[in-house]
Amino acid sequence: MRQNQEDIRDSWDNGSERPPMMKSARPYPLWIRLPYTLFVLILVPIYWRDHGPGNFLWFSDIALFAVLIALWTGNRLVYSMMAVGVLPLELAWTLDFLTGGTLIGLAAYMFDPTGPLYLRGLSLFHLFLPPIIIWMLIAQGYDRRALWAQTLLAWVVLLASWVLTSPDDNINWVHGLGPDAELFLPAGLYLALYMVLLPLVGLLPTHLLLKRLFPR
C-alpha cells in the first residue's frame, strides 16, 4: 500500500495525470506552472501600463492570479472560489469569442481592429482559464466553503471597484450592467442590489451545480 502511494506521487511529480478526486494540496506539474507563470509575468506590466492598476480588479484578472496561486500550492479553496465565482462568466466569454463577439458582446473587443493586437492577444487568457479550472475540479474536487469565501471576496472587490476606479471604466459593472450600460437607479442603491443579488442569482446556482458535478 505504501509503495502504491509513492508510485502515485512520483507519477504526479513527473507530469502525468493526477487520479481523480485526489485532494492533497500539492503543486501541479511544472509543464503547466512555468508557462502559466511566464504568461502572467508578461501580462502584468503591460496591463499596468496600458490599462492602469484598477484593471486588475476585474474578476477575470483576479481569477488569473488565483489560478496561478492554486497551480503552485494545490490549494483547493482558491480555485474553487474561482470556479463558483468566475467560471460561468469565462465560459460565456469563450462562447461569445467563438461566435465572433456577436452573441452577447463580451468578447466583441477582440475583433475590433482599432485595439492593439498585443493587448487582444493577452486577453486570450480568457480561453485557457476555464479548462484549467475544470481540470483542477476533476483532479481535486470542489471545496464547499467556496460559496461563502467568494461572496466575501466579491463584496470587497465590488466596493473597491466602486470607490477606487472611474465610472467610465465600469470595472465589474459596478456602475451599470454591461460596458455601455446606463444607470437608471441611484448609484448607491444599484450597488447594494448588485451585492445582494450576485450571491443569490449568480454564485448560489453555480455552487449547487458544482456540488452535484463534483461530489465528495
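The values are calculated or read from the model by the stated rules, or taken from the named source; none is laboratory data. Values in this document were obtained by computation on a predicted structure and should not be read as measured data. Heads up, the Cβs are rebuilt from the backbone with ideal geometry, glycines too, and the neighbour counts pull from every protein chain shown. All accessible areas refer to the heavy atoms of the entire protein, side chains included, with ligands and DNA or RNA removed. Shrake-Rupley method; radii C 1.70, N 1.55, O 1.52, S 1.80 Å.
When you work out D = kT/(6 pi eta Rh) for the range 88-192 at 37 °C and 0.692 mPa s, using the Kirkwood radius from C-alpha pairs as Rh and the Stokes-Einstein form, the result is 205 µm²/s.
Net charge near His207, counting Lys/Arg +1 and Asp/Glu -1 over other residues with Cβ under 12 Å of its Cβ? Result for the local shell: +3. Measuring r between the beta carbons of Leu98 and Val40 and using R0 = 22 Å, the FRET efficiency lands at 0.35.
Rolling a 1.4 Å probe across the protein heavy atoms gives the range 60-216 an accessible surface of 50 Å² per residue.
Applying 1/(1 + (r/R0)^6) with R0 = 25 Å to the Cβ-Cβ distance of Leu77 and Met195, what FRET efficiency is obtained, to the nearest 0.05?
Efficiency computed from Cβ-Cβ geometry: 0.70.
Dipole size of the range 122-216 about its Cα centre, with +1 on Lys/Arg Cβ and -1 on Asp/Glu Cβ: approximately 720 debye, rounded to the nearest 20. For the range 67-73, backbone phi angles converted through the Karplus equation (6.51, -1.76, 1.60; θ = phi - 60°) give residue-by-residue couplings of 5, 4, 4, 5, 5, 8, 10 Hz, Gly and Pro being listed as x. The computed semi-axes √(5λ) of the Cα gyration tensor in Å for the structure shown corresponds, within (i) 29, 17, 16; (ii) 32, 21, 15; (iii) 26, 24, 18, to (ii). Once the Cα atoms are used to define both axes, helix 125-140 deviates from the longest principal axis of the chain by about 40 degrees.
Taking a ≥ b ≥ c as the square roots of the Cα gyration tensor eigenvalues, with a/c under 1.5 meaning rounded and otherwise prolate when a/b beats b/c, else oblate, which class fits the range 44-100? Here the range 44-100 falls in the oblate category. Show that you can apply the helix-only estimate: for the chain, add -39,500 (n - 2.57) for every DSSP H stretch of four or more residues, divide by all residues, and state [θ] at 222 nm to the nearest 500. About -19500 deg cm²/dmol. The portion of the accessible surface of the range 105-161 made up by carbon and sulfur, rounded to a whole percent, is 80 (1.4 Å probe; DNA, RNA and ligands excluded). Between the amide H of Gly74 and those of Tyr28, distances stay under 5 Å, these residues lying 5 or more places away or on another chain, with hydrogens modeled in the peptide plane. Between Leu159 and Leu177, full extension at 0.36 nm per residue minus the direct alpha carbon distance yields a gain of 4.9 nm.
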